[in-house]
Amino acid sequence: MAKQLVLMMCPVGIAVALLWRYARTVPAAPGVRDDVPVRLLRWAVGLLSAGRAEWGQAMLGELDHLEGRGQRWRFAVGCAGAALLLPPWGRAAAAVWAMAALAAVAADLDASLVVRYRLGAGDWVFGVIMLVFVASFALAAATLLRRPGVVVPGLAGGLLVALAWLAMRGFTFYGAIAPMTAPFTPLVAMVAVPALVGVVGTLRAGTAAAGRRIARLAAISAGLALYLYGVIAVVFLGATGPPADPGSTVGYIVSDRLSGNMIANLVAIPLVTATIGWAAAAATARLRPRLAAEVASVPVTASGPGTGLDPVPAPPEAVSAVGAPSWPRTAWLLLLCAAVAAAVFLAAVSGLRG
Amino acid sequence: MQRNRPPSAQAIGVLRALAADPARWRYGYDLVTEVHLKTGSLYPILVRLADRGLLETSWEPDPGSRPPRHLYRLSPAGREYAAALAAAGTSRPVPLPRTRLSEG
């Protein structure tokens, strides 16, 4: 029952985090554009290396002078794509390639199983959903890996989370597809290890924001690794092994194992790990206030022609702070509060009845 | 290590657009519309040209409260390179300089 409760509380935790973030965001000052293209591009240029920060500011400066919704969107999307790919990537490049290879191998094996066992249309639909997930994971990993100080603790955290789950499953292929009796409570892998990743990541990186990124990268890398392990388990075992179900066809069993593997390792485990790790990072920063101050992700440079490029603090609209919410924001906050309260109520009722 | 490869057709287009009036500072979006490039292609080209010392960059003076705009024009080395490119024609691509050239 504890597992189900933890799973149900994860969306609530995410809603609380979004609510908190929304409540702390100050509306842009009058005259300063802060539409979606600006936010998208600001996020993307934050991924650039310090040596390329000037180019990020060049893109943002150019976008500010463009009129027309379509024109602004096209410019922002194009520049965001360029910022995502613009070298140098440093050590992150190897990690990104490794993650992409992991995702590609897992997706390829999954598709080969669908073909080999001649599974039905529903499995192809699941395969497409799996591809979307795996591609999203690879993209998210590529962006997280470019952040300074995230690569090593994030991947180490992911390895730790994956090992905890594999240990719980007895380090066997049978355990991967039909969970065996765990030698310790599942809450260790579900709660304790992700919390440890969030706390240690925050303390090591020095900021709450970096700690949350480390938790997210750990969730993504662990999910991908466990998914690959699960697919390999199905490749080796096919329809054999426990639980014995003589009434089921081979195709049905393989299909069931593939979909179960996807839901567990690409949805449930990353969701739980990211949420618990995120919460632990936020709590660590709150308990040690000097860690809470977030470093602006976009180093801003503003210089006149012929002068040097002296870094100046990020513009006010780029930094979150407490501010007086306007009426539409208040309405949104009320709606979000109501949704969170309803979710907590439903989770509590389900937990009590279970 | 930087590769000494010839410029792409898009990079040649940017160089030609800049060489048409080499003394004038240009905005990035002006180059996008003039060369019919996608923005996702323009900035990597500008970065590469600047890395090789072919491009001078500057910031728009006195932008007020708005973010400053970046300005671009060919450096002396860039003008020489564009002239060499024009003389050679498109049939014989001229490799981009390997390293950043010294000023002046």
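The values are calculated or read from the model by the stated rules, or taken from the named source; none is laboratory data. From a predicted model like this one, the values you see are computed outputs, not experimental measurements. Reconstructed Cβ throughout: ideal geometry from the backbone, glycine too, with neighbour counts over all protein chains shown.
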Using beta carbons and a limit of 6 Å, which pairs, at least six apart or on different chains, have the first residue in segment A:10-25 and under 26 Å from residue A:187 (Cα atoms) and the second one among the small types (Gly, Ala, Ser) and modelled with pLDDT of 70 or more? A:13/A:279
Tell me, please, whether a residue that is assigned to a loop (DSSP other than H, G, I, E, B) and surrounded by 20 or more Cβ atoms within 10 Å (Cβ to Cβ) can be found in segment A:152-163. no
So in segment B:5-45, with the set limited to residues that are in contact (Cβ under 8 Å) with a residue 40 or more places away in the chain, buried (at least 19 other Cβ atoms within 10 Å of the Cβ) and out of contact with any Lys or Arg (no Cβ under 9 Å at 6 or more places or on another chain), which one is nearest to the other protein chains (Cβ to nearest Cβ)? B:31
Residues of segment A:80-100 being more than 14 Å from chain B (Cβ to nearest Cβ) and either β-branched (Val, Ile, Thr) or over 18 Å from the mean Cα position of the chain (by Cα) (or both), in sequence order, are A:90, A:91, A:93, A:94, A:96
Name the residues in segment B:46-85 that are more than 9 Å from chain A (Cβ to nearest Cβ) and either at pLDDT below 85 or assigned to a loop (DSSP other than H, G, I, E, B) (or both), would you? B:52, B:53, B:54, B:64, B:75
